[in-house]
Amino acid sequence: MLIRRPADIPPSEIMSREAYLNRRQLMAGAAGLALAASLPGTSQAASLATVKSSFSTDEKQTSLQDVTNYNNYYEFGVDKTAPAAHAHMLKTSPWTVKVDGLVGKPAEFALEDLISSSALEERIYRMRCVEGWSMVIPWDGFPLADLIKRVEPLGSAKYVAFETAYRPEEMPGLQSMFPVLEWPYVEGLRLDEAMHPLTILAVGLYGDKLPNQNGAPIRLVVPWKYGFKGIKSISRISFVEKQPVTSWSRQAPDEYGFYANVNPSVDHPRWSQGTERRIGEGGLFVKRRPTLLFNGYAEQVAELYSGMDLRKLY
Ligand SMILES: Nc1nc2c(c(=O)[nH]1)N[C@H]1C(S)=C(S)[C@@H](COP(=O)(O)O)O[C@H]1N2
Ligand SMILES: [Mo]
């Protein structure tokens with residue numbers, strides 16, 4: 001492991017997770033307690049009660065410090081540390097998610113409703129960013145399929161479109177004279193991808209409320225796709241017939257596609273996708289890891305793409 005000065009090492013990295021959560025519980029702020037109180041069967045060890053999932057990897061988890069300080073969230077700046085510095089500006093409560101389009105039961109859900117009406121699961125997923133780094137993150141969330149079933153999609157619904165909140169006053173990146181992306185950030189999935197049991201909406205990580213820089217209060221997690229599919233701070237989910245526009249493929253269609261499935265044999269035009277750097281594995285002599293097809297989830301998801309040319313539909 002990288003040797004750092006003690007002052008650089010956050011307590012969360014030194015303590016075991018249990019000790020950390022116990023300490024957190026003692027020190028839990030009003031927000032955490034209020035959220036915990038609103039949840040059925042909240043355990044004593046953490047703010048969010050979750051059940052374990054068989055979909056989790058047992059690989060070493062990336063430290064909370066790295067998960068919350070090395071982020072992409074361009075609404076708050078393009079540096080990896082900018083979201084941790086600025087995302088507190090986003091007011092995440094109250095929060096609603098509007099679900100509309102080709103559904104029998106369109107609705108505007110309060111976040112608390114979405115959380116209390118689902119059995120939260122801990123999903124420890126490998127995450128791979130298109131830039132070439134990866135992490136292992138213990139998300140707390142529920143299958144997107146649960147929400148989809150509640151709104152009863154019509155037969156004509158083929159895709160699901162997602163939108164991040166549009167809040168110029170609370171998102172400095174939206175005030176920039178030279179914006180990196182068109183806002184709001186938008187993403188999409190084919191309906192069968194959205195219904196897949198691995199696809200979740202996360203409302204927490206490491207057993208606690210989702211930090212703002214990771215997409216509070218609710219964000220998408222699709223572990224076999226590049227990180228940019230995981231749209232943060234979702235305010236709207238629409239069911240549509242045609243493949244929706246997505247932020248990065250609109251910005252640079254030759255570099256980023258709609259599918260964005262992790263694939264070591266389909267390179268980005270400017271760099272290889274064959275290997276990755278696992279965040280937290282520091283040091284000069286640490287080898288990059290080989291990237292796996294569908295980020296290692298091929299057994300579960302390859303079937304979704306049978307017969308498709310993954311070089312063309314990248
Ligand atoms: N709204 C919004 N969502 C976003 C992004 C963004 O800039 N804006 N960045 C994406 C990218 S490129 C990645 S790699 C992941 C990073 O998620 P994390 O910071 O929780 O690890 O968020 C994705 N979701
Ligand atoms: Mo990314």
Note to self: Checking the structure you have, find out if any residue of region 230-244 is away from ligand 1 (no atom under 13 Å from the Cβ), part of a loop (DSSP other than H, G, I, E, B) and hydrophobic (A, V, I, L, M, F, W, C).
What the structure shows: no
Note to self: Can you list the helices (runs of 4 or more DSSP H) lying wholly within region 1-110 that have 2 or more residues being at pLDDT below 95 and surrounded by 16 or more Cβ atoms within 10 Å (Cβ to Cβ)?
What the structure shows: 17-27, 30-37
Note to self: One residue is enough: does region 210-225 have a residue meeting the conditions farther than 25 Å from S117 by Cβ and either surrounded by fewer than 17 Cβ atoms within 10 Å (Cβ to Cβ) or among the polar types (S, T, N, Q) (or both)?
What the structure shows: yes
Margin query: With the structure loaded, tell me whether S265 is at pLDDT 95 or above, more than 16 Å from ligand 2 (Cβ to nearest atom) and closer than 28 Å to A110 by Cβ or whether it fails that test.
Written below: no
Notebook entry, point to check: Taking region 235-247 as the search range and keeping residues that are touching an Asp or Glu at 6+ places or on another chain (Cβ under 7 Å) and over 14 Å from E193 (Cβ atoms), which one is nearest to ligand 2 (Cβ to nearest atom)?
Noted result: S247
Item checked: Unique match (being under 30 Å from W271 (Cα atoms) and out of contact with any Gly (no Cβ under 8 Å at 6 or more places or on another chain)) among I124, I148, I115 -> I124
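The values are calculated or read from the model by the stated rules, or taken from the named source; none is laboratory data. What you see is a predicted model, and the numbers here were worked out from it, not measured in a lab. Counting neighbours? That spans all protein chains shown, and the Cβs are built from the backbone with ideal geometry, glycine included.
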